[in-house]
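Report on the structure given below.
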Amino acid sequence: MGNDAHHWKNYLMASVHTEAEAKEAQKMGWRTFRIIAPDAPLSDNEILCRNTEDDYVKCDRCLLCDGSSSKPNIADRVHGLSWKVSNFVKYLNQQ
């Protein structure tokens, strides 16, 4: 993340792929959003995206991803077509 990106923290979260990336971004003061494998555990400072748990919770009302929020970091389980999920898991295993 560039040095001039710090002003975006009030509006955005850092999108990360791994726990290592999440820790690095969090050390720089960012809240993180991480996609995880279907059976992967959450990190201690993460919660599962509310829409994942309840289809009635919509992003425009939840606002947990609001960068200025003091809420926990968010993770979401990879979902979609089985080949995409499989490719994502393979990618994670290569890290």
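The values are calculated or read from the model by the stated rules, or taken from the named source; none is laboratory data. The structure presented is a predicted model; accordingly, all values stated were derived computationally and were not measured. Neighbour counts run over all protein chains shown; Cβ positions are idealised from the backbone, glycine included.
Can you tell me which of 74, 47 is outside any helix (DSSP H, G or I), within 12 Å of the chain's Cα centre (by Cα) and either modelled with pLDDT under 85 or under 25 Å from residue 7 (Cβ atoms) (or both)?
It is 74.
Quick check on my filter: what residues within the range 77-95 are more than 16 Å from the chain's Cα centre (by Cα) and of a type in the set (D, E, K, R)?
Across the range 77-95, the qualifying residues are 84, 90.
Can you pull out every residue in the range 46-63 that is touching a residue at least 12 places away in the same chain (Cβ under 8 Å) and either β-branched (Val, Ile, Thr) or surrounded by fewer than 13 Cβ atoms within 10 Å (Cβ to Cβ) (or both)?
47, 52
If residue 87 satisfies every condition in (1) crowded, with 16+ Cβ neighbours inside 10 Å; (2) outside any strand (DSSP E or B); (3) at pLDDT 90 or above but one, which is the exception?
(1)
Sort out which residues of the range 1-37 are surrounded by 12 or more Cβ atoms within 10 Å (Cβ to Cβ) and of a type in the set (D, E, K, R), and write them in order of number.
9, 19, 21, 23, 24, 31, 34
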